[in-house]
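Working notes for the structure below.
The values are calculated or read from the model by the stated rules, or taken from the named source; none is laboratory data. Because the structure is predicted, anything quoted here is derived from the model rather than measured. With ideal geometry, Cβ positions are generated from the backbone for all residues, glycine too; neighbour counts draw on all protein chains shown.
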Amino acid sequence: MHSFSRTTGISVVVANMVGTGVFTSLGFQLLGIQSYFVLMMLWFIGGLTALCGALTYAELGANLPRSGGEYNFLSRLYHPCAGFISGWVSATVGFAAPVALAAMTFGAYLSAVFPGISPTWSAASLVVVLTAVHCLSRETSSNVQQAFTALKVLLILLFCAVIFIWGGTPQSANFMPQAGDEKLLFSGAFAVALIYVNYAYTGWNAATYVTSELDNPQRNLPIVLFVGTAVVMMLYLMLNFTFLSAAPMEIMEGKLEVGVIVADHALGDSAGKAMGAVLALLLISTVSAMTMAGPRVLQVIGEDFRLFSKLARCNRHGVPMTAIIFQGLLALIFIVSATFESVLIFSSFVLGVNTLFSVLGVFVLRWKKLNIKGAYKTFAYPFAPLVYLSVTLWTLVYVLLSRPHEGLLGLGVIGAGGLVYLFSSRANKAGNQ
């Protein structure tokens, strides 16, 4: 049976990460931070945090080699209930919400170029088409994903090159530290802005959702996670340097389609619209990658819990078609029923809690002596997981303090997962009697 290659794994990581966040976050960050140095530090610290998380997940995935990501890790390391709640989060929010956000951004960029096109309808259409494509076979999924990810990286490099070579007069931006920057780095505004950055880096763990289908996972998973995350960190720093160098801060403040605004300012209206269309194309890869990875979590839950057994059904090519369609329908509900910013902060909080306990699990893994002889161990342990845990905990606390509605709603989703677990485990016991 066809398995996913190392290249496909890296493309899944890159495509999951590069999408909504980096093309929308800067406008929201500028509402609280006006320092070039601090803004770049946001993206550097976010990248460093993601790398620390990826290094830790590489050990978890190499020693607990099964698809499902956090569902698999938390079930094995803590309790089946913890794993189920994690899977519940992935099923209800973890992938459907980011798919919706990426599709909504695609719609926003496309409507900025072609005002007659409804952003909601274009977002929904993208989800429907890619859901259908990924229901076909693993080989089709691999080919589509590699092609769109390669296109994405090339288009980002092209965007930066065009802005710098043919753009208008660059901004007099000073990226060196200024007086007062040290206070900003430890401020509430920095922590809130880091929520958006952490969301932009979400997806560094994507390859762990398809571990069982990855070629030689014990050897390739650490390489896939590290290379994919490092590539994205460099792309993000380059993109934000380009945005800040090419357009004044005031015209980007609070705006969603930052890329179109920068292109319009630097290149003029017609060229700016062309670049807006290019940026919309980038987001197809993001929606595709999450449509490919997310349903594998639902499939594993279906294998373990009788109540959700239909989600484990595969077509003749071994593709979990029911789970893919289910996730697509959830994404469509988010697209037509919620605002962009509320979905972003809500999903960021829930996903942050999910990865926090997974990274903490590397200490449990070693305490329980579950390491496989010769399997990868986290580089810079214990500092790498501790860096990730510290930064993530800091941002989660600030979400609860500054956006309690979204934070409490996230805790409600997690609590609901616990209740559904009790019901599901009773159904399993009744079915086994």
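General remarks:
- Taking region 256-314 as the range and being charged (D, E, K, R) and either within 24 Å of HIS134 (Cα to Cα) or out of contact with any helix residue (DSSP H, G or I) (no Cβ under 7 Å at 6 or more places or on another chain) (or both) as the test, the residues that pass are ASP269, ARG296, GLU303, ASP304, LYS310, ARG313.
- All conditions in (1) touching a His at 6+ places or on another chain (Cβ under 6 Å); (2) on the phi > 0 side of the Ramachandran plot hold for GLY318, with the sole exception of (1).
- Given (1) touching a Leu at 6+ places or on another chain (Cβ under 7 Å); (2) part of a helix (DSSP H, G or I); (3) in contact (Cβ under 8 Å) with a residue 24 or more places away in the chain, number of the condition SER122 does not satisfy: (3)
- Leading residue by the ranking (nearest to the chain's Cα centre (by Cα)) among those in region 57-96 that are among the aromatic types (Phe, Trp, Tyr) and either at positive phi or in a helix (DSSP H, G or I) (or both): TYR57
- Looking across region 29-71, the residues that are of a type in the set (Phe, Trp, Tyr) and buried (at least 24 other Cβ atoms within 10 Å of the Cβ) come down to TRP43, TYR57, TYR71.
- Selected residue (criterion: nearest to VAL350 (Cα to Cα)) from residues of region 380-412 that are of a type in the set (Gly, Ala, Ser) and part of a helix (DSSP H, G or I): GLY410
- Filter result for LEU26 (farther than 30 Å from HIS317 by Cα and buried (at least 23 other Cβ atoms within 10 Å of the Cβ)): yes
- Only one of the numbered conditions (1) part of a helix (DSSP H, G or I); (2) closer than 28 Å to SER425 by Cβ; (3) at pLDDT 75 or above is not met by CYS314, and that is (1).
- The residue that is surrounded by the fewest Cβ atoms within 10 Å (Cβ to Cβ), counting only those in region 97-119 that are outside any loop (DSSP other than H, G, I, E, B) and β-branched (Val, Ile, Thr), is VAL113.
A quick yes/no check of all residues on (1) surrounded by fewer than 18 Cβ atoms within 10 Å (Cβ to Cβ); (2) modelled with pLDDT of 85 or more; (3) touching a Ser or Thr at 6+ places or on another chain (Cβ under 8 Å):
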position: SER347; (1), (2), (3): no, no, no
position: PHE357; (1), (2), (3): no, yes, yes
position: GLY374; (1), (2), (3): yes, no, no
position: LEU386; (1), (2), (3): yes, yes, no
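- Looking across region 247-276, the residues that are among the aliphatic types (A, V, I, L, M), more than 15 Å from CYS160 (Cα to Cα) and in a helix (DSSP H, G or I) come down to MET249, ILE251, MET252.
- Selection within region 388-428 - more than 26 Å from TYR199 (Cα to Cα) and exposed (fewer than 13 other Cβ atoms within 10 Å of the Cβ): LEU419, LEU422, PHE423, ARG426
- Residue-level check: of (1) of a type in the set (Ser, Thr, Tyr); (2) more than 30 Å from LYS377 (Cβ to Cβ); (3) touching a residue at least 12 places away in the same chain (Cβ under 8 Å), TYR236 misses just (2).
- Test: residue in region 336-344 that is of a type in the set (A, V, I, L, M, F, W, C), touching a residue at least 40 places away in the same chain (Cβ under 8 Å) and part of a loop (DSSP other than H, G, I, E, B): yes
- GLY294 vs. criteria buried (at least 24 other Cβ atoms within 10 Å of the Cβ), under 27 Å from ASN174 (Cα atoms) and within 22 Å of the chain's Cα centre (by Cα): no
- Among the candidates PHE340, PHE308, residue that is closer than 20 Å to TRP88 by Cα and of a type outside the set (S, T, N, Q): PHE308
- Of all the residues in region 140-149, those that are within 18 Å of the chain's Cα centre (by Cα) and over 9 Å from SER285 (Cβ atoms) number 1.
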